[in-house]
Amino acid sequence: MASWVISECGLRPLPRIYARPRSGASCFNSKNPVKNLRFLDENVKISMTGSRNWGLRVSVPMSVPSVSEEEERFESLVEEENEFDPGAAPPFKLSDVRAAIPKHCWVKDPVRSMSYVLRDVLIVFGLAVAASFVNNWAVWPLYWIAQGTMFWALFVLGHDCGHGSFSNDAKLNSVVGHILHSSILVPYHGWRISHRTHHQNHGHVENDESWHPLSEKLFNSLDDLTRKFRFTLPFPMLAYPFYLWGRSPGKKGSHYDPSSDLFVPNERKDVITSTVCWTAMAALLVGLNFVMGPVKMLMLYGIPYWIFVMWLDFVTYLHHHGHDDKLPWYRGKEWSYLRGGLTTLDRDYGWINNIHHDIGTHVVHHLFPQIPHYHLIEATEAAKPVFGKYYREPKKSGPVPFHLLATLWKSFKKDHFVSDTGDVVYYQAHPEIAKTQK
């Protein structure tokens, strides 16, 4: 009886490779026909009666994958090979992104910028006059939300002054920035300088300035009260005034103190100027308390101020946290300005986008803060093809961004600290805090 092996080949788009036969043809020797005849004599046996058995002994697999199974297996292998690593160095340079942005997006129009200031200031005073005139408890909560949101809009315009995207005139930027920020109790230069540090070191575990992660060692060293205020909502959404006074855990200094290590010696005069302006505004508010009464001032200014603080903490936190996929943070040689900037996130705030001057369009802003806010959307669309998967498309919002409240909650449940070692690290969750946030 002859022994044969039928080999199987896959259906992948590769050259067919046949397995070596286990018996049969592999035993033939073209140089030795006598040996071949012996092989045939041993394997093809003819009985004395002349009957022959032509049955084949065939080795076959127990089951053969279908075409669809083979295709799925191939596709999964391709996906594994092409799996995106957000912590890997991007295949493009900062200059590539810059070149993709239209030239007119870099042009600053001071008249247009001032028109936004005029619009927002008129709305702020109009809301205050309207609420005082109506003076109805059904209206006051609406006023607080609207006015607090407008305070946040004023901050964003002052923020543009700090970046120099408001205009090319440094004096105009400084004057407008001081008026806008002092009116909402923000020390303009003190904040401007620390915010510049944030942009220059974005995505760096130790050197970033705002909403940077805590190392595991620093996290474990926090006392219970500090840990509670840092990681238990709603307390982190009220953090901004305290940050201005004392910075983040692990960092020392104050935005009001010219001798703080936040500043270099030639910046101290600017810090003093801003602290004086802040003090003058605080004194004005105290005087208005005597004129109008503390309750009226609380309703007109105090509560909207805290709404503004919540907006600021809410938006700035979600620029750097809360994505479904973990975002990398860097140290040492792995950090670069480009890689750090690519860890920031764009957010959609629905109707609020126009009110707070598209500050949710944040990735391009972080890389190129000199671009005016009214060009950020166009610049982002132009840069997306360069970014590729490094750009994370924001989830579309309804008129009011309620969906981001769930994103905020999930982030505070799982984003607590990063490893003490490693140059590319990701947030880890502390089990006890995760339980309390459920």
Look through Phe92, Phe151, Phe155 and report the one residue that is among the aromatic types (Phe, Trp, Tyr), farther than 30 Å from Tyr390 by Cβ and at pLDDT 95 or above.
Phe151
Restricting attention to region 156-177, report how many residues are out of contact with any His (no Cβ under 7 Å at 6 or more places or on another chain), within 22 Å of Ser254 (Cβ to Cβ) and crowded, with 24+ Cβ neighbours inside 10 Å.
3
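Yes/no matrix, rows are residues, columns are (1) modelled with pLDDT of 95 or more; (2) within 26 Å of the chain's Cα centre (by Cα); (3) farther than 28 Å from Thr421 by Cβ:
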| residue | (1), (2), (3) |
| --- | --- |
| Leu233 | no, yes, yes |
| Met237 | yes, yes, yes |
| Ser260 | no, no, yes |
| Pro265 | no, no, yes |
| Trp278 | yes, no, yes |
| Met281 | yes, no, yes |
| Val286 | yes, no, yes |
Any residue in region 349-362 that is under 18 Å from Val117 (Cβ atoms) sitting within a Cβ distance under 7 Å of a residue that is surrounded by fewer than 17 Cβ atoms within 10 Å (Cβ to Cβ) and modelled with pLDDT of 95 or more? List the pairs, counting only those 6 or more apart or interchain.
Asp358/Ile377
Please indicate, with yes or no, whether at least one residue in region 317-336 is part of a helix (DSSP H, G or I), out of contact with any Cys (no Cβ under 7 Å at 6 or more places or on another chain), open to solvent by 60 Å² or more (accessible area, probe 1.4 Å) and among the aromatic types (Phe, Trp, Tyr).
no
Can you list the helices (runs of 4 or more DSSP H) found entirely within region 366-438 that contain at least 1 residues being surrounded by 13 or more Cβ atoms within 10 Å (Cβ to Cβ) and among the basic types (Lys, Arg)?
376-387, 403-414
Matching residues in region 193-206 (touching a helix residue (DSSP H, G or I) at 6+ places or on another chain (Cβ under 8 Å) and touching a residue at least 60 places away in the same chain (Cβ under 8 Å)) number 7
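The values are calculated or read from the model by the stated rules, or taken from the named source; none is laboratory data. Everything quoted here is computed from the prediction, not taken from an experiment. Heads up, the Cβs are rebuilt from the backbone with ideal geometry, glycines too, and the neighbour counts pull from every protein chain shown. What goes into the accessible areas is simple: the full protein's heavy atoms, side chains included, and nothing from ligands, DNA or RNA. Shrake-Rupley method; radii C 1.70, N 1.55, O 1.52, S 1.80 Å.
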